[in-house]
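J.: Pasting a structure below so you can have a look.
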Amino acid sequence: MRLLSTLVLCVLALAARAQGVLTFESTDHDFGKVPEGTMATYEFKFKNTGNQPIVIANAQASCGCTTPEWTKAPVMPGKSGIIKAVYNSAGRPGVFAKTVTVVSNASEPSKVLSLKGTVLTKEELRATLTPAQLAASPRLVLERPGYDFGRIEAGTQSVARIGVRNTGPKDLVLTTVSSPCYCVGYRATPAPIKPGQSAVVELVYAQRAVGPATEVVTLDSNDLHGDTKLTLKANVVKDLVPTSLVKESGASVPFK
């Protein structure tokens, strides 16, 4: 009986130790100085140093400006995986410190990863660059400085197709669109534009205020020369469908 009890205890002890272990190469990362408008990206690499598979259930960022991705398949013992964190620096100059909480079935069920850095405005960054470094930047050139939608209906989505050319020596990456009205955005995320190449980006405009409208929007990108401005104009009306009938002497008749 004593031998049996000892065996049972040993089995239970082994079962308790049978678990995956998340071992990260590093749990914190300093981006240093980040140009405003770029998507700062870092991959936290880990290895399963335990004896059971690890499944990452979730990776939750401390704010909506940081988007995590992670290895979805079970990570077997001895194998590796990643937690990828992307920080959107557009419109967020200054010092930042964010966290990503990793939840899994590992021996430590919750693990916190840290990110920090300083977002420099393009004016601040240009002051630190040599002429050669600035010349090596992508360069965003618009085919036109503005776009007029004409008459549009309030609350509906209108699309502007804008030609963009990259005259710099590196890939041009368009990130976000910012506007005072918060009513302009990309229809789809633009693909990087190669040096010397052109592309057409589609901007969606949804204005609810009736009347003449002028919106100066900023196209954020990795062009270090400065922000790119685009002026959108429209005559916003309540209803584009005209009234076809009027009352005349109590009877409905067509317009004359």
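The values are calculated or read from the model by the stated rules, or taken from the named source; none is laboratory data. Remember, it's a predicted structure, so these values are computed and weren't measured experimentally. For neighbour counting, all protein chains shown are included, and Cβ atoms are generated from backbone atoms with ideal geometry for every residue, glycine included. All accessible areas refer to the heavy atoms of the entire protein, side chains included, with ligands and DNA or RNA removed. Shrake-Rupley method; radii C 1.70, N 1.55, O 1.52, S 1.80 Å.
J.: Mind checking which strands (runs of 3 or more DSSP E) fall wholly inside the range 151-220 and carry at least 2 residues that are among the basic types (Lys, Arg) and more than 20 Å from the chain's Cα centre (by Cα)? Steps first, answer last, please.
T.: Working: elements: 158-166, 174-178, 184-186, 198-205.
Where strands (runs of 3 or more DSSP E) fall fully within the range 151-220 and carry at least 2 residues being among the basic types (Lys, Arg) and more than 20 Å from the chain's Cα centre (by Cα), they are 158-166.
J.: Restricting attention to the range 197-220, and to residues there that are among the aliphatic types (A, V, I, L, M) and open to solvent by 30 Å² or more (accessible area, probe 1.4 Å), which single residue is nearest to residue 135 (Cα to Cα)? Full working, then the answer.
T.: From the range 197-220, those among the aliphatic types (A, V, I, L, M) are 199-201, 203-204, 206, 209-210, 213, 216-217, 219; that's our starting set.
Right, trim to open to solvent by 30 Å² or more (accessible area, probe 1.4 Å) and you get 199-200, 206, 209-210, 216.
On the way: 199: 21, 200: 24, 206: 37, 209: 42, 210: 44, 216: 27 Å.
Within the range 197-220, the match that is nearest to residue 135 (Cα to Cα) is 199.
J.: Of the residues in the range 89-112, how many are surrounded by fewer than 19 Cβ atoms within 10 Å (Cβ to Cβ), assigned to a strand (DSSP E or B), of a type outside the set (D, E, K, R) and touching a residue at least 12 places away in the same chain (Cβ under 8 Å)?
T.: So the answer is 7.
J.: Okay, moving on. Tell me whether the range 59-70 contains one or more residues that are within 30 Å of residue 129 (Cα to Cα) and buried (at least 18 other Cβ atoms within 10 Å of the Cβ). Explain how you work it out, then say what you get.
T.: To start, the set of residues in the range 59-70 that are within 30 Å of residue 129 (Cα to Cα) comprises 65-67.
Right, trim to buried (at least 18 other Cβ atoms within 10 Å of the Cβ) and you get 66.
Checked the range 59-70: at least one residue is within 30 Å of residue 129 (Cα to Cα) and buried (at least 18 other Cβ atoms within 10 Å of the Cβ).
J.: Please work out which one of (1) free of Cβ contacts under 8 Å to residues at least 60 places away in the same chain; (2) assigned to a loop (DSSP other than H, G, I, E, B); (3) open to solvent by less than 30 Å² (accessible area, probe 1.4 Å); (4) over 28 Å from residue 240 (Cα atoms) is the condition residue 138 fails and give its number.
T.: With (1) free of Cβ contacts under 8 Å to residues at least 60 places away in the same chain; (2) assigned to a loop (DSSP other than H, G, I, E, B); (3) open to solvent by less than 30 Å² (accessible area, probe 1.4 Å); (4) over 28 Å from residue 240 (Cα atoms) applied to residue 138, the lone miss is (1).
J.: A further question on this structure: So in the range 27-58, with the set limited to residues that are under 29 Å from residue 128 (Cβ atoms), of a type in the set (A, V, I, L, M, F, W, C) and open to solvent by less than 30 Å² (accessible area, probe 1.4 Å), which one is farthest from the chain's Cα centre (by Cα)?
T.: Filtering the range 27-58 for residues that are under 29 Å from residue 128 (Cβ atoms), of a type in the set (A, V, I, L, M, F, W, C) and open to solvent by less than 30 Å² (accessible area, probe 1.4 Å), the one farthest from the chain's Cα centre (by Cα) comes out as 44.
J.: List the residue pairs whose Cβ atoms are under 6 Å apart, where the first residue sits in the range 213-238 and is more than 15 Å from residue 121 (Cβ to Cβ), the second is assigned to a loop (DSSP other than H, G, I, E, B) and among the β-branched types (Val, Ile, Thr), and the two are 6 or more positions apart or on different chains.
T.: 236/210; 238/210
J.: Taking residue 194 as meeting all but one of (1) out of contact with any Asp or Glu (no Cβ under 8 Å at 6 or more places or on another chain); (2) open to solvent by 50 Å² or more (accessible area, probe 1.4 Å), write down the number of the exception.
T.: Every condition holds for residue 194 apart from (1).
J.: Now, a different point. Tell me, which residue of the range 146-180 that is of a type in the set (Gly, Ala, Ser) and more than 15 Å from residue 199 (Cβ to Cβ) is most open to solvent (accessible area, probe 1.4 Å)?
T.: Of the range 146-180, the ones of a type in the set (Gly, Ala, Ser) are 146, 150, 154-155, 158, 160, 163, 168, 178-179.
Next, from what is left, pick out any that are more than 15 Å from residue 199 (Cβ to Cβ): 146, 150, 154-155, 158, 178-179.
Values: 146: 23, 150: 28, 154: 29, 155: 34, 158: 18, 178: 50, 179: 14 Å².
So, considering only residues that are of a type in the set (Gly, Ala, Ser) and more than 15 Å from residue 199 (Cβ to Cβ), the one most open to solvent (accessible area, probe 1.4 Å) is 178.
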